[in-house]
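Participant: Quick one: the structure is below, questions incoming.
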Amino acid sequence: MKSLTILGSTGSIGTSTLALVDACPDAFDVKVLVAGSNTALLAEQALKYRPDIVGLASTADAAALREALAGSGIEVAEGEDACTELARRPVDVVIAGIVGLAGLPGVLAALACGQTVALANKESLVSAGALAMATARRHGARLLPVDSEHSAIFQCWLGWSGHQKDVTAPSANGSVDRICLTASGGPFRMRDLDSFSMITPEEAVKHPNWSMGQKISVDSATMMNKGLEVIEAAWLFDLSPQSIEVLIHPQVAIHGLVYFHDGSVIGQLGTADMKTPISYALAWPDRLDWCPEPLDLLSMGRLEFMPVDPDRYPCFSLARQALAEGGVMPAVLNAANEVAVAAFLARQIGFTDIAAVVGHCLDHVPEGDVDSLEAVIAVDGRARDLAKTRCGAISQAASTKPLSPAGGV
Ligand code: NAD
Ligand code: MG
C-alpha cells in the first residue's frame with residue numbers, strides 16, 4: 001500500500017487521482033488532502049478518504065471546513081504556508097496537482113524533503129526549472145511526470161533502458177536523438193483565423209479530447225500548454241530546445257515518441273484519460289490495473305500528424321522563444337500567461353489578446369533572477385503587475401472603441 005498526499009485534491013488531476021484510489025482501494029492510503037477554496041468538496045473527500053489532515057489555502061473558508069469535519073478526528077490546516085508545510089509530511093508519493101505558480105512552494109517543499117513527487121503542476125518547472133531540479137538532486141528526491149506527453153516519453157525511455165533509478169536524468173545516455181510531444185491542436189484547429197478575436201471563454205474551455213481544469217483548457221486552445229510542456233520536458237529530461245519536437249496529432253492516440261540514433265522510434269499510446277499517466281506515476285515502477293477503457297485503434301481508423309502553425313498558435317512560439325532565451329524569461333512567460341488567461345476568462349480581454357499580453361511582457365522583462373523561491377516569486381510578481389497593466393489598457397481601449405457602423409462588436 002502506498003501512502004499519498006494530494007495537493008490540489010478538488011481539481012481535475014486531484015479527482016482523477018482519487019478515482020484511481022476508488023478503483024484500487026487496497027493499493028493506496030490517502031494521508032493528506034490540500035485544496036484552494038472548494039470547501040464543500042474538500043470536506044466530502046476528507047470524510048470519504050479519511051486523511052490525517054486536510055489543508056485549505058483560503059483562510060476565509062476554513063471555519064466552514066472545521067465545522068464540516070467536527071468530531072471526525074481529521075485535522076485542518078489553513079492558509080498557503082500551512083498547506084506548503086503539509087507537502088513535507090513523509091509519504092510514498094506527493095501528487096502535485098495545484099494549478100499555476102501557486103503550486104511551486106509545495107513542490108519545492110516536498111523535493112527538499114526527498115519525497116517522490118508525481119508532477120502535474122508544469123508551471124513549477126516552467127518558472128523554476130533549474131531550482132526544482134537542483135533541489136531534487138540535492139535531496140535525493142524523485143520527480144515522476146504526470147503530464148501525459150511526459151509520462152509517454154518517460155515510459156518510452158524506460159522501456160529501452162530498463163528501470164533506471166535516477167529518473168530525473170535520463171538523457172545521460174547519448175543514444176537518444178530527439179523526442180516528440182504530440183498536441184491535439186485544441187478546439188480551434190480548424191476555425192477560421194479571422195474569427196479568433198471573437199472566441200468566447202465557453203468555446204475555449206471546451207476541449208475536443210481531454211476533460212481538464214479551466215486554465216489548462218484555455219492553454220490548450222492557445223497551445224501555450226504545449227509551449228509550457230516543451231519547457232517542462234527540457235528540464236525533466238535534460239534536453240536542448242532543438243531536440244524537442246512537437247506535432248499536432250488530432251486523434252491523441254500517441255502521446256509522445258523517442259527517436260533513437262539507430263533509427264528506432266518508440267512511442268507510447270493510450271486513450272485521452274489522465275488516469276493512465278497518473279496511475280503510472282502512482283504505481284511506478286509497476287503498473288496499476290485500474291480497469292481503463294481500452295484504446296480502440298480500429299474505430300479511430302487513421303492517425304494524422306501535422307506541424308504547428310505559428311499564425312494560429314502564437315503562444316507556442318512565445319514559449320519556445322522564452323526557453324531559448326532562458327533566465328527569467330520562462331517565469332515571465334508563465335506569470336503573464338496566468339494573468340492573461342484569468343483576464344480572458346473574466347471577459348476583460350479577448351482570446352487573441354492573450355498572446356499580445358504575453359509578448360508584451362517578454363519584450364519588457366523585469367529585473368531579477370530565478371535562483372531561489374523568493375527570487376522566482378519576486379520576478380513572477382513583477383511580471384504579473386506588468387501583465388495586469390497591459391490587460392487593463394486593452395480592456396480600457398476596447399470599452400472606449402466606438403461600435404462599427406454595422407453595429408458589430
Ligand atoms: P484545476 O483547476 O481543475 O484544479 C486545481 C486545484 O488546485 C484545485 O484543487 C484547487 O483548489 C487547487 N488550488 C488552486 N490554488 C491553490 C492554492 N493557492 N493552494 C492550494 N491549492 C490550490 O486544475 P487541473 O486541470 O487539475 O490542473 C492542475 C495542474 O495539472 C496544472 O498545472 C495543469 O497544467 C496540470 N495538468 C492538468 C491536466 C488535466 O488533465 N487536468 C493534464 C496535465 C497537466
Ligand atoms: Mg499534457
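The values are calculated or read from the model by the stated rules, or taken from the named source; none is laboratory data. Predicted, not measured: the structure shown is a model, and the values here were computed from it. Because the Cβ atoms are built from the backbone with ideal geometry, glycine has one as well, and the counts that use them run over all protein chains shown. The accessibility values were calculated without ligands, DNA or RNA, using every heavy atom of the protein model including side chains. Shrake-Rupley method; radii C 1.70, N 1.55, O 1.52, S 1.80 Å.
Participant: Residues that are of a type in the set (Phe, Trp, Tyr) and over 20 Å from the mean Cα position of the chain (by Cα): list the helices (runs of 4 or more DSSP H) wholly contained in the range 1-94 that include at least 1 such residues.
Facilitator: 39-49
Participant: Also, I was wondering about something else. With ILE231, ILE216, ILE248 as the choices, which residue is within 21 Å of SER16 (Cα to Cα), at pLDDT 95 or above and hydrophobic (A, V, I, L, M, F, W, C)?
Facilitator: Being within 21 Å of SER16 (Cα to Cα), at pLDDT 95 or above and hydrophobic (A, V, I, L, M, F, W, C) holds for just one of ILE231, ILE216, ILE248, which is ILE216.
Participant: Next question, about the same structure. Taking ALA62 as meeting all but one of (1) at pLDDT 95 or above; (2) open to solvent by less than 70 Å² (accessible area, probe 1.4 Å), write down the number of the exception.
Facilitator: (1)
Participant: Separate question: Give me the pairs: first residue in the range 88-103 and closer than 13 Å to ALA281 by Cβ and open to solvent by 10 Å² or more (accessible area, probe 1.4 Å), second residue of a type outside the set (A, V, I, L, M) and part of a strand (DSSP E or B), beta-carbon distance under 8 Å, and six or more apart or on different chains, which are they?
Facilitator: Matching pairs, first to second residue: ASP92/LYS2; ASP92/SER3; ASP92/THR116.
Participant: Hydrophobic (A, V, I, L, M, F, W, C), outside any helix (DSSP H, G or I) and closer than 23 Å to PRO201 by Cα, is that true of VAL365?
Facilitator: Answer is no for this residue.
Participant: In this structure, is ASP81 under 22 Å from ILE278 (Cα atoms) and surrounded by fewer than 17 Cβ atoms within 10 Å (Cβ to Cβ)?
Facilitator: The answer is no for ASP81.
Participant: Go through the range 20-42 residue by residue and tally those that are of a type in the set (A, V, I, L, M), more than 6 Å from ligand 1 (Cβ to nearest atom) and open to solvent by less than 40 Å² (accessible area, probe 1.4 Å).
Facilitator: Residues meeting the conditions: 7.
Participant: Identify the single condition in (1) aliphatic (A, V, I, L, M); (2) away from ligand 1 (no atom under 15 Å from the Cβ); (3) under 24 Å from ILE394 (Cα atoms) that ILE179 does not satisfy, given that it satisfies every other one.
Facilitator: Evaluating ILE179 over (1) aliphatic (A, V, I, L, M); (2) away from ligand 1 (no atom under 15 Å from the Cβ); (3) under 24 Å from ILE394 (Cα atoms) leaves (3) as the failure.
Participant: Please count how many residues of the range 189-243 are out of contact with any helix residue (DSSP H, G or I) (no Cβ under 8 Å at 6 or more places or on another chain), open to solvent by 50 Å² or more (accessible area, probe 1.4 Å) and aromatic (Phe, Trp, Tyr).
Facilitator: Residues that pass the stated criteria total 0.
Participant: Inspect the range 215-223 for any residue being assigned to a loop (DSSP other than H, G, I, E, B) and not hydrophobic (A, V, I, L, M, F, W, C) and give the result as yes or no.
Facilitator: No: zero hits.
Participant: Which pairs turn up if I take residues in the range 214-226 that are hydroxyl-bearing (Ser, Thr, Tyr) and look for partners that are away from ligand 1 (no atom under 11 Å from the Cβ) and outside any helix (DSSP H, G or I) with beta carbon separation below 6 Å, at least 6 apart in sequence or on another chain?
Facilitator: Short answer, once both residue conditions are applied: SER220/GLY186.
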